[in-house]
Amino acid sequence: MTAILDAFADHVVIVGSGLAGLVTALTLAPQPVVIVTRAALGGETSSAWAQGGIAACLGADDSVDLHLTDTIAAGDGLCDPQVAAGIIAEAPDVVAALEGAGVRFDRNAAGELLFGLEAAHSRRRIVHAAGDGSGAAIVDALVRVVLNTPSIKVFDRSDVRALLTDGPSITGLVMAKGGGTAVIRTSRVVLATGGIGGLFDATTNPVSNFGQGIALAARAGATLADMEFVQFHPTGLDSPRRPLALVSEAVRGEGAILVNDRGDRFMSGIDGAELAPRDVVARAVSAELSCGKRVFLDARRALGDRFGSRFPTIHRLCREAGIDPARQLIPVRPAAHYHMGGVATDRNGSSSVSGLWVVGEAASTGLHGANRLASNSLLEAAVMGMRAARDVRGTGPLRVTPVVSVLPPPVDISATRSIVSRHLGVLRNGGALHGAIAALLPLVEADGSSADPAIVGLLIAVFAMLRTETRGAHARTDFPLKLAVAERQTKTLAAAIEIARNATHSLARSA
């Protein structure tokens, strides 16, 4: 039986409880808000696993212009400069707001913020907390505040399965809760569901993160953007653990180098060396692995016995894998880490569907372009959470009567994960992309338990097939050069499915 939760009718509903969702809820207070989260509040979120911190141009030698220049360079021609400049300029407000919420950023004995250096940054500007435990420290602090905010109701361990719409407008959502089905009538939903890393076998993200928000929004008719751009972190800890433990590039920022099993420092001749943009480093590491070599991060000379105090989380993860990073090489491999694409939004997080906002990694704002600059993600999550909340606050609830649908089945990622891992990795080509489309389209059209993950995988494959160049995190071995003009791609799910069908039919005819 379906329960209609009328006690929460007309509330703003936030789906997800990472940094973006928590900030949105707190900024809306004291307006009544419901947070629906699949795990415990703040749990199974990439935000809580973030090691580096928040990119913020707060140093005496830094500026918005310098931070913007680095962001645009990393984005490889596809950043929206105005969007990027606006988000970067709000970094001081974000740091102040988080400190006001109880986050304790690392400072020196004089009380000055300590800044870390990460790849493709021209300045030390990464504000961190608890060494390499920034994400957990930030999320833990915000969770405590949320739990003490009377205007916020939390439904944890509840899984949103569908958005309800009337034409182009949101009318509610349906979720699995406590073994049953529940519906909340609302005309205002904020998706803060995180990324897509769980679609890949090798990922640093929670394995359950398959792009739920993208699938929900796509089914509701939202426009998607930049779906082909999946950032692979070059240095996932190569071990049987799933998800892979992350070895933050802040370790390279402290001087660690990459070597292969022959002792060659293969990044030495590349501009930026180990601190080149992530797409460059990930491709170089992949090239070594494809030749049958192994790749290691060597922090022995740069950090040595200081490794444990500077990077306590990574030190613990290495020791769990039987590695002493102060004295041994750390085996690494690329792993799906961050998705630059997602639901297309405006500067306030509003999507093309009336009443639907999307914030954090599930959104595509134009900040990241073809490749995210390290630690811009937590900055974007906080800024866009605040902006979306202010935008939502300027709207009023609409009386809606949702058409209650049958609860969709629980999601099964396994079939999609094998296809995506095989065909949509660091290095792509036309044959693999067509293979992915041919395998994923039937899963989408069957509309069973594999459909939602397959929708996200199919969108990535279609967008990647249409981008016949190598740009940023999208590398095609059959199109190794960049096109003269850089253009962002946008599509709806319906358009992507039609493209996929045509591509499949074309291959069948040619065969």
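The values are calculated or read from the model by the stated rules, or taken from the named source; none is laboratory data. Values in this document were obtained by computation on a predicted structure and should not be read as measured data. Positions of Cβ are backbone-derived with ideal geometry, glycine not excepted, and every protein chain shown enters the neighbour counts.
So here's what we get for this one:
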read-out: Qualifying residue in segment 206-215 (condition: outside the structural domain of SER364 (by TED's automatic domain parsing) and either in contact with a His (Cβ under 7 Å, 6 or more places away or on another chain) or over 30 Å from VAL332 (Cβ atoms) (or both)); value: yes
read-out: Count of segment 232-286 residues which are without any contact (Cβ under 8 Å) to a residue 12 or more places away in the chain, assigned to a loop (DSSP other than H, G, I, E, B) and within 26 Å of PRO480 (Cα to Cα); value: 5
read-out: Exclusive hit being under 20 Å from GLY194 (Cα atoms) and assigned by TED's automatic domain parsing to the domain that holds VAL13, set ALA130, ALA141; value: ALA141
read-out: Verdict on ARG387 being closer than 20 Å to ILE35 by Cβ, crowded, with 24+ Cβ neighbours inside 10 Å and within 23 Å of the chain's Cα centre (by Cα); value: yes
read-out: Scan of segment 440-493 for residues that are part of a strand (DSSP E or B) and hydrophobic (A, V, I, L, M, F, W, C), ordered by number; value: ALA475, PHE479
read-out: Tabulated pairs, segment 482-494, first without any contact (Cβ under 8 Å) to a residue 24 or more places away in the chain, second surrounded by 10 or more Cβ atoms within 10 Å (Cβ to Cβ) and of a type in the set (Asp, Glu), C-beta under 8 angstrom, 6+ apart or interchain; value: LEU483/GLU469
read-out: Candidate set from segment 1-36 (those that are farther than 19 Å from ALA217 by Cα and polar (S, T, N, Q)); member that is surrounded by the fewest Cβ atoms within 10 Å (Cβ to Cβ); value: THR2
read-out: Pairs, first farther than 16 Å from ALA202 by Cβ in segment 325-352, second of a type in the set (Phe, Trp, Tyr) and crowded, with 24+ Cβ neighbours inside 10 Å, C-beta under 9 Å, six or more apart; value: PRO325/PHE311; MET340/PHE229; GLY341/PHE229; THR345/TRP357; ASN348/TRP357; GLY349/TRP357; SER350/TRP357; SER351/TRP357
read-out: Boolean, ALA136 is touching a residue at least 12 places away in the same chain (Cβ under 8 Å), over 20 Å from LEU275 (Cβ atoms) and not assigned by TED's automatic domain parsing to the domain that holds ILE257; value: yes
read-out: Sole residue being surrounded by fewer than 18 Cβ atoms within 10 Å (Cβ to Cβ) and of a type in the set (Lys, Arg), chosen from ARG417, ARG393; value: ARG393
read-out: Long-range neighbours under 7 Å by Cβ, at least six apart or interchain, first residue outside the structural domain of ALA446 (by TED's automatic domain parsing) and hydroxyl-bearing (Ser, Thr, Tyr) within segment 409-434, second buried (at least 16 other Cβ atoms within 10 Å of the Cβ) and in a helix (DSSP H, G or I); value: none
read-out: Subset of segment 375-398 that is within 26 Å of ASP76 (Cβ to Cβ) and in contact with a strand residue (DSSP E or B) (Cβ under 7 Å, 6 or more places away or on another chain) - its residue that is modelled with the lowest pLDDT; value: SER375
read-out: Counted residues, segment 324-372 - those being in the same structural domain as ALA284 (by TED's automatic domain parsing), basic (Lys, Arg) and crowded, with 24+ Cβ neighbours inside 10 Å; value: 0
read-out: Options LEU224, LEU147, LEU199: the member that is outside the structural domain of LEU22 (by TED's automatic domain parsing) and either over 13 Å from the mean Cα position of the chain (by Cα) or polar (S, T, N, Q) (or both); value: LEU224
read-out: ASP324 more than 26 Å from the chain's Cα centre (by Cα) and acidic (Asp, Glu); value: yes
read-out: Residue within segment 293-315 that is buried (at least 21 other Cβ atoms within 10 Å of the Cβ) and modelled with pLDDT under 95 present; value: yes
read-out: Among the residues listed as ARG422, ARG393, the single one being under 29 Å from PRO277 (Cβ atoms) and basic (Lys, Arg); value: ARG422
read-out: Meets criteria (assigned to a helix (DSSP H, G or I), within 21 Å of the chain's Cα centre (by Cα), within 20 Å of ASP201 (Cβ to Cβ) and not small (Gly, Ala, Ser)) for ILE437; value: no
read-out: Qualifying residue in segment 435-452 (condition: surrounded by fewer than 18 Cβ atoms within 10 Å (Cβ to Cβ) and either in contact with a His (Cβ under 9 Å, 6 or more places away or on another chain) or basic (Lys, Arg) (or both)); value: yes
read-out: Candidates GLY100, GLY116 - the one that is modelled with pLDDT under 95, closer than 22 Å to GLY135 by Cα and more than 20 Å from the chain's Cα centre (by Cα); value: GLY116
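Let's see how each residue does on (1) more than 22 Å from the chain's Cα centre (by Cα); (2) more than 19 Å from GLN489 (Cα to Cα):
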position: GLU361; (1), (2): no, no
position: ALA374; (1), (2): no, yes
position: VAL406; (1), (2): yes, yes
position: PRO442; (1), (2): yes, yes
position: SER449; (1), (2): yes, yes
position: PRO453; (1), (2): no, yes
position: ARG467; (1), (2): no, no
position: GLY472; (1), (2): no, no
